[in-house]
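Structure, as structure tokens:
The values are calculated or read from the model by the stated rules, or taken from the named source; none is laboratory data. None of these values were measured; they are calculated from a predicted model. Cβ: placed from backbone, ideal geometry, glycine included. Neighbour counts: every protein chain shown.
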Amino acid sequence: MMRKLALPVLAAVARALLSRRTRRAIALVMGGLLVALGYVALRPAPPGEKLTPKERERIYAALLKHVERGGPNHLHSRRLYHYAPPFAEAAGANVHVVQAAALLHDATKEDGKGEPKEKFCTHGEQGADLTKAVLSEIGKSETFTETASEAVREHMGPCGFNWSYLSRRFMSKFCDRRFPKPSSAEAKVLYDIDMLDLMTVDGVVKVAELRQKNPEFEKEPLEASVRSGPDSAWKSVVDAKQTLLTEKAKSCGAALAEHTKIFVDGLDFAKVTDVPALKQAAAAYLVASPLPSCLPVVPPLTDGPSP
Ligand SMILES: [Fe+2]
């Protein structure tokens, strides 16, 4: 009973104490506050921070300070830059952050600190530091810079255990360490497009060539490097496919694995006995069977300042 009376009594007291004008002012302020709160809750998300053409050129120039022009790291980073838009859009990630990270993710692979294996296994961390320095220098916001830098730190894959080979996946096994998992949408997209590039026919050639030429790997027949060895290029394709994170990349990965498998299964190792012959076979296969259309076509390399 007392409770029921309390509100009307309080309202009557307030009416008596406050003038009509004051009550009107309070009502106006409250109404304004409600409208503002509604706007904050319902407004569309602001468009993400972008890269201007000049900023793209500066990031690309930073990459070219660290890697050989026309070399594998330059071309791979450029491909990822061009793969980024549809995968980032489908995953709700900021395309521009992914593109900045794509250009710089492997930038320290050639001239980073440490002996070759250490340099390779820490290029995510070293690349993250470089990304932070480059993006801060050109004036990107802290959020943009941090997101891109963390994506670079978290791009090291494929990681974990491959149950179909009963063996650890490439990066975990080779480096014998744990790597941080991609956390943001941008990091997931960078990781995925990096894995997709590894899964292509050219990715297979790259891994096989590394295994054939790099003194850190034991001598083995080309066939073992390509498809039958415990750490073959084909195993890297399977490793990569198993770890894809975003839906669009998963479906593209399935198409790519199929396309690459036909190439690998069709190789006649009685004829294809060395890396140049493998490269020739890959080029001929790609003319006859172009890459699945889920991977954007990469424009030809020019000497210009744009990626
Ligand atoms: Fe990398």
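A few comments on the model shown:
- Filtering the stretch 130-146 to residues that are assigned to a helix (DSSP H, G or I) and hydroxyl-bearing (Ser, Thr, Tyr) leaves THR131, SER136, THR143, THR145.
Quick grid of which residues meet (1) of a type in the set (Gly, Ala, Ser); (2) farther than 28 Å from LEU103 by Cα; (3) at pLDDT 95 or above:
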position	(1), (2), (3)
TRP234	no, no, yes
GLY253	yes, no, yes
ASP265	no, yes, yes
VAL272	no, yes, yes
GLY304	yes, no, no
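- Looking at LEU166, LEU198, LEU190, just one residue is touching a Gly at 6+ places or on another chain (Cβ under 9 Å) and of a type in the set (A, V, I, L, M), and that residue is LEU198.
- Residues that are of a type in the set (Asp, Glu) and in contact (Cβ under 8 Å) with a residue 12 or more places away in the chain within the stretch 74-120 comprise ASP106, GLU110, ASP111, listed in sequence order.
- ALA101 within 13 Å of the ligand (Cβ to nearest atom), over 11 Å from the mean Cα position of the chain (by Cα) and either at pLDDT below 95 or not assigned by TED's automatic domain parsing to the domain that holds LYS248 (or both): no
Yes or no, residue by residue, for (1) farther than 21 Å from LYS181 by Cα; (2) out of contact with any Cys (no Cβ under 8 Å at 6 or more places or on another chain); (3) more than 15 Å from the ligand (Cβ to nearest atom):
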site: HIS82; (1), (2), (3): yes, yes, yes
site: ASP111; (1), (2), (3): yes, yes, no
site: PHE120; (1), (2), (3): no, no, no
site: GLU125; (1), (2), (3): no, yes, no
site: ASP129; (1), (2), (3): no, yes, no
site: LYS132; (1), (2), (3): no, yes, yes
site: GLY139; (1), (2), (3): yes, yes, yes
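- PRO292 vs. criteria closer than 22 Å to LEU75 by Cβ, over 18 Å from the mean Cα position of the chain (by Cα) and buried (at least 17 other Cβ atoms within 10 Å of the Cβ): yes
- Test for SER149: is it buried (at least 19 other Cβ atoms within 10 Å of the Cβ), in a helix (DSSP H, G or I), at pLDDT below 95 and within 16 Å of the ligand (Cβ to nearest atom): no
- Test for GLU110: is it at pLDDT below 95, touching a helix residue (DSSP H, G or I) at 6+ places or on another chain (Cβ under 8 Å), surrounded by 13 or more Cβ atoms within 10 Å (Cβ to Cβ) and under 30 Å from LEU291 (Cα atoms): yes
- Conditions (1) more than 24 Å from ARG69 (Cβ to Cβ); (2) assigned by TED's automatic domain parsing to the domain that holds HIS66; number of the one not met by GLU137: (1)
- Residue satisfying all of: in the stretch 212-235; closer than 16 Å to LEU267 by Cβ and touching a residue at least 40 places away in the same chain (Cβ under 8 Å); surrounded by the most Cβ atoms within 10 Å (Cβ to Cβ) among these: VAL226
- When PRO72, PRO46 are checked against the criterion of being at pLDDT below 95, surrounded by fewer than 19 Cβ atoms within 10 Å (Cβ to Cβ) and within 16 Å of the ligand (Cβ to nearest atom), a single residue qualifies: PRO72.
- Answer residue from the stretch 152-192, given it is assigned to a loop (DSSP other than H, G, I, E, B), of a type in the set (Phe, Trp, Tyr) and away from the ligand (no atom under 13 Å from the Cβ) and is nearest to ALA90 (Cα to Cα) among those: TRP163
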